[in-house]
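Peer 1: Here it is, the structure in full.
The values are calculated or read from the model by the stated rules, or taken from the named source; none is laboratory data. All of these numbers come straight from a predicted model, not from anything done at the bench. Cβ placement follows ideal geometry from the backbone for every residue including glycine, while neighbour counts extend to all protein chains displayed.
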Amino acid sequence: MSEKKHILRPGRRPVQPESPLPGGVGGGVECHEIGISPLHPSPTPLPWMEREDLSCFAAVPRGAEDIAAHELKMLGIAGAIAGKGGVAFVADRSGLYRANLWLRTASRLLVQLAVFPCSNPDELYAGVHVIAWQDLITPAMTLAVDCSLRDSALTHSGFVALKTKDAVVDRIREACGSRPSVDTSSPDVRINVHLHKNVCTVSLDSSGEPLDRRGYRLERNEAPLRETLAAAVVALTGWDGSVPLVDPMCGSGTIPVEAALQVARIPPGLKRSFGFQHWLDFDSSLWDRLVREAEDGIQRVPLGLITGYDKDSRALALAARNSAGAGLEGQIHYFHADLMEFKPEGNKGVVIINPPYGIRMGEEDDLRELYCQIGDIMKKRCKGWTGYVLTGNLELAKYIGLKASRRFVLFNGPIECRLLKYELY
Ligand SMILES: C[S@@+](CC[C@H](N)C(=O)[O-])C[C@H]1O[C@@H](n2cnc3c(N)ncnc32)[C@H](O)[C@@H]1O
């Protein structure tokens, strides 16, 4: 199975990989009543401004789809359908804004405009051109086209992105007399085209920057966990803030920070902006109200509830800065310690470990030993606790030497990982 992605650049045709885009659900096989679709032609599609039920697709790291569907349910958005790599749901603008603000595991939220069969350039152009783009984009605005292809007759993602852009700007020029320009770095409107088995789904990307960019990570350390994945890990452990949570290899603190955001009821999107804020239909008073309500619900993290350790003091300094950037200054404790010195306080809680697993030449023996130590430390010093290890290396995981009571499959980008659960008694 081949998958190709492309982001259209102004004036040239480079290929730039981006975060994963929809696969199964919302990946083009369903036909939703937004925009005109030759699969189920709608004689009188509602103008964009009057549409209330938006067909949405949340792209989610694989393995976290059910969690994202549950998150949507908790936001009062019923009927979400989890599929491979994402969740399809219907929401009004308030639901779309809340989902962007609050979803911890989704990487972007797309709003479907049209779905149509597409096996050649003419069908692509016609299917895109029929959308009333002048309702969505004025000539003064900027746009970008992201494209992903799977198992389709059109195989050149750069070409598909270019053809899509042509159809969009032609339609706007016909309606308005001039056309918008392309800006790939920070466009007003990001258009998403997904071709799967010769069915094309055209969507607006309501998130803009991927949602894992929360705005709190100021610098990157060597192997930071993606924020959406860290949030999924915390959710999979079932941790609810009633017992301590510790991360003995916290690096830049992504797991402690995501856990703290959850328990403090801080929306992950509070510190950032979103694509939909540039849209012509943006309802700023609705948005301001949602943000105010969220801010009113924020609580402090109880002292000593969440702790991170690492042997790398620079990573710890970064973790402290990231925590402060997330609005959690002084609410997570960090300690400089080697795993060998680690002993959690109290007789129950959750230990989450994300050890290194990328093996470079000469590192294998060290990592085997580290994984042995993880097993020993969990067994001897964490009695009564529940342990979790997230790793992308199943061979190394064997060296932990304890029997996992559960295994969750999660994808860190293309890397298939396991979150292993250990009952420690
Ligand atoms: C994969 S990184 C963790 C990344 C982290 N989850 C983040 O988001 O930044 C593994 C971390 O384990 C730490 N580490 C490796 N060996 C260690 C040891 N023996 N004791 C404590 N920390 C260790 C490294 O310094 C590194 O920060």
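To keep it simple, each residue is scored yes or no on (1) at pLDDT 50 or above; (2) under 27 Å from residue 129 (Cα atoms).
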position: 6; (1), (2): yes, yes
position: 29; (1), (2): no, yes
position: 64; (1), (2): yes, no
position: 78; (1), (2): yes, no
position: 81; (1), (2): yes, no
position: 114; (1), (2): yes, yes
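Peer 1: Return the residue satisfying two criteria in turn: it lies in the range 381-425 and is under 22 Å from the mean Cα position of the chain (by Cα) and hydroxyl-bearing (Ser, Thr, Tyr), and of such residues it is nearest to residue 236 (Cα to Cα).
Peer 2: So in the range 381-425, the residues under 22 Å from the mean Cα position of the chain (by Cα) come out as 388-392, 407-420.
Subsequent filtering for residues that are hydroxyl-bearing (Ser, Thr, Tyr) retains 388, 391.
Numbers: 388: 10, 391: 15 Å.
My answer is 388.
Peer 1: Among the listed residues 273, 323, identify the single one that is polar (S, T, N, Q), more than 9 Å from the ligand (Cβ to nearest atom) and within 30 Å of residue 420 (Cβ to Cβ).
Peer 2: The match here is 323.
Peer 1: Of 425, 334, 357, 388, which residue is in contact with a Ser or Thr (Cβ under 8 Å, 6 or more places away or on another chain) and assigned to a loop (DSSP other than H, G, I, E, B)? Walk me through it before giving the result.
Peer 2: Details: 425 fails: in contact with a Ser or Thr (Cβ under 8 Å, 6 or more places away or on another chain); 334 fails: assigned to a loop (DSSP other than H, G, I, E, B); 388 fails: assigned to a loop (DSSP other than H, G, I, E, B).
Matching residue, one of 425, 334, 357, 388: 357.
Peer 1: Taking interchain pairs and intrachain pairs at least six residues apart, which have beta carbon atoms under 6 angstrom, with the first residue in the range 319-348 and within 20 Å of residue 219 (Cβ to Cβ) and the second surrounded by 20 or more Cβ atoms within 10 Å (Cβ to Cβ) and polar (S, T, N, Q)?
Peer 2: Here the result reads 319/252; 322/252; 332/323, each pair linking the range 319-348 to a residue that is surrounded by 20 or more Cβ atoms within 10 Å (Cβ to Cβ) and polar (S, T, N, Q).
Peer 1: If you go through the range 350-365 one residue at a time, do you hit one that is farther than 29 Å from residue 214 by Cβ, in contact (Cβ under 8 Å) with a residue 24 or more places away in the chain and not acidic (Asp, Glu)?
Peer 2: Within the range 350-365, one or more residues are farther than 29 Å from residue 214 by Cβ, in contact (Cβ under 8 Å) with a residue 24 or more places away in the chain and not acidic (Asp, Glu).
Peer 1: Let me ask you something else. Taking into account only those residues within the range 221-266 that are part of a loop (DSSP other than H, G, I, E, B) and hydroxyl-bearing (Ser, Thr, Tyr), which is nearest to the ligand (Cβ to nearest atom)? Before the answer, list the steps.
Peer 2: Taking the range 221-266 first, the residues part of a loop (DSSP other than H, G, I, E, B) are 221-226, 238-244, 248-253, 264-266.
Next cut, hydroxyl-bearing (Ser, Thr, Tyr) only: 242, 252.
Details: 242: 23, 252: 4 Å.
Of everything passing the filter in the range 221-266, 252 is nearest to the ligand (Cβ to nearest atom).
Peer 1: Another question, if that's okay. Go through (1) within 22 Å of residue 210 (Cα to Cα); (2) among the hydrophobic types (A, V, I, L, M, F, W, C); (3) surrounded by fewer than 19 Cβ atoms within 10 Å (Cβ to Cβ); (4) at pLDDT 95 or above one by one and return the number of the condition residue 223 breaks.
Peer 2: (4)
Peer 1: Out of all the residues in the range 80-101, which are assigned to a loop (DSSP other than H, G, I, E, B) and out of contact with any helix residue (DSSP H, G or I) (no Cβ under 9 Å at 6 or more places or on another chain)?
Peer 2: Step one: of the range 80-101, the residues assigned to a loop (DSSP other than H, G, I, E, B) are 80, 84-85, 92.
Within the range 80-101, 92 is the sole residue that qualifies.
Peer 1: Within the group 138, 164, which residue is at pLDDT 95 or above, assigned to a loop (DSSP other than H, G, I, E, B), on the phi < 0 side of the Ramachandran plot and among the β-branched types (Val, Ile, Thr)? Step through it out loud before you land on a result.
Peer 2: Working: 164 fails: assigned to a loop (DSSP other than H, G, I, E, B).
Only one candidate passes the filter, namely 138.
Conditions tested, residue by residue: (1) loosely packed, with under 13 Cβ neighbours inside 10 Å; (2) among the β-branched types (Val, Ile, Thr); (3) within 13 Å of the ligand (Cβ to nearest atom).
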position	(1), (2), (3)
365	yes, no, no
370	no, no, yes
376	no, no, yes
390	no, no, yes
400	no, yes, no
404	no, no, no
407	yes, no, no
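Peer 1: Please specify each residue of the range 262-271 satisfying the condition of being more than 11 Å from residue 104 (Cβ to Cβ) and either touching a Ser or Thr at 6+ places or on another chain (Cβ under 8 Å) or crowded, with 17+ Cβ neighbours inside 10 Å (or both). Spell out the reasoning first.
Peer 2: First pass over the range 262-271, keeping only residues more than 11 Å from residue 104 (Cβ to Cβ): 263-265, 270-271.
Once the filter is applied, which keeps residues that are more than 11 Å from residue 104 (Cβ to Cβ) and either touching a Ser or Thr at 6+ places or on another chain (Cβ under 8 Å) or crowded, with 17+ Cβ neighbours inside 10 Å (or both), the range 262-271 yields 263, 264, 270.
Peer 1: Looking at (1) part of a helix (DSSP H, G or I); (2) surrounded by 13 or more Cβ atoms within 10 Å (Cβ to Cβ); (3) not β-branched (Val, Ile, Thr), which is the one condition that is false for residue 348?
Peer 2: It fails just one condition, (1).
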